[in-house]
Amino acid sequence: MSEPQPSPMLTPAEMARAAEDAAHAKATGVPLKSFMLGLTAGGYIALGFVFYLTTQVGAENMPYGIGRLVGGIAFSTGLALVVLTGAELFTSSTLTLTARAAGRISWSQLLTNWGIVYGANFLGALTMVALIYVGGTWHNANDAWGAVVLSTALGKMHHTFLQAFVLGILCNLLVCLAVWAAYAGRTVTDKIVAVTLPIALFIAAGFEHCVANMFLLPLAVLIKDTAGSDFWTATGLDEQEFASLTIPHFLGHNLLPVTLGNIVGGGVMIGIFYWTVFRRHHRLTTPAS
């Protein structure tokens, strides 16, 4: 008799177990490994944003929804690279709350992992800021590329603290749904398809992702502070309109509330919710070894 063929995808219960196992492995792994993989994740998300920004140059001539859809699909490249390479992204690392709920890791292990990955993501994103800036990418299309950076960043700085927090919840609900769904796939194609539409949705709708903002906002501040008069003339932008683009404003009025919202949206509304549905009963009925 031939051996039974594996299912083409994991069941929802198997996905929940895979997510919990992955969370446990991340939180109990070698810190240096998490740091290195966090660097790459910050860089990959930044590259996804580079792709998004490029698609938005001239997009004002397209219907609003179509332009946002194109940009969202382009940005999903970043998370696809994270998933396929095993990089560690803070927003998806919020799912380590499942391993904490299962009692497989301590709060200290969870928070240490979050701190390492968050810092590494930030450093990876800032590395891409330096490369994009020094490479002159922001001058592309007669400085229109840089103008898109500034306009996109300014829109994010106009949110209230509560709005940024809620937009962070909505964003990471979708990011962690994408990662959770990717656990079901067994092939590269499965995983790419699983992450693309949820990520395109959050970008198209204008939700807030802390790691993406670690790239966009510092780059916007750098351009605003160093661009010469030729840039402002070529783009037709008024430099004074971008006075709110400062690092303190970014950290306190965007990054902080968005990060907190990302934790709630991903760790609680996806991680803890699905762990409760599919794993809590298993933990309560499995005898201790």
The orientation-averaged projected area of the Cα convex hull of segment 99-195, in nm², is 9.5
Using the Kirkwood radius over Cα pairs of segment 11-53, the Stokes-Einstein translational diffusion coefficient at 37 °C and 0.692 mPa s, in µm²/s and rounded to a whole number, is 268
Subtracting the Cα-Cα distance of L32 and F273 from 0.36 nm times their residue separation yields 83.7 nm
From fewest to most C-beta neighbours within 10 Å, the residues D225, D190 line up as D225, D190
Candidates L79, L201, L173; GNM for the chain (alpha-carbon contacts under 10 Å) flags as most fluctuating L201
Going from the fewest other Cβ atoms within 10 Å to the most, one would list R279, R186, R68 as R186, R279, R68
Projected convex hull area of segment 91-136, Cα atoms, direction-averaged, in nm², equals 3.2
With R₀ set to 51 angstrom, the calculated FRET efficiency between the beta-carbons of A141 and A13, to the nearest 0.05, is 0.55
Rounded to the nearest 500, the 222 nm mean residue ellipticity computed for the chain from DSSP H runs (n ≥ 4, each -39500 (n - 2.57)) alone is -22500 deg cm²/dmol
Simple spin-label estimate for L123/L260, 7 Å along Cα→Cβ, in nm, reads 2.7
Between (1) 16.6; (2) 14.1; (3) 17.7, the structure-derived mean projected area of the Cα convex hull in nm² is (3)
For K156, counting only lysines whose alpha-carbon sits under 30 Å away and dropping same-chain residues fewer than eight positions off, the answer is K191, K224
Expressed in angstrom, Rg and Dmax over the Cα atoms of segment 1-117 are 18.3, 62
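All of the numbers you see were taken from the coordinates with simple rules; none came from a lab. For clarity, every value in this text was computed on a predicted model and none was experimentally measured. Ideal geometry is used to build each Cβ from the backbone, glycine not excepted, and the neighbour counts take in all protein chains shown.
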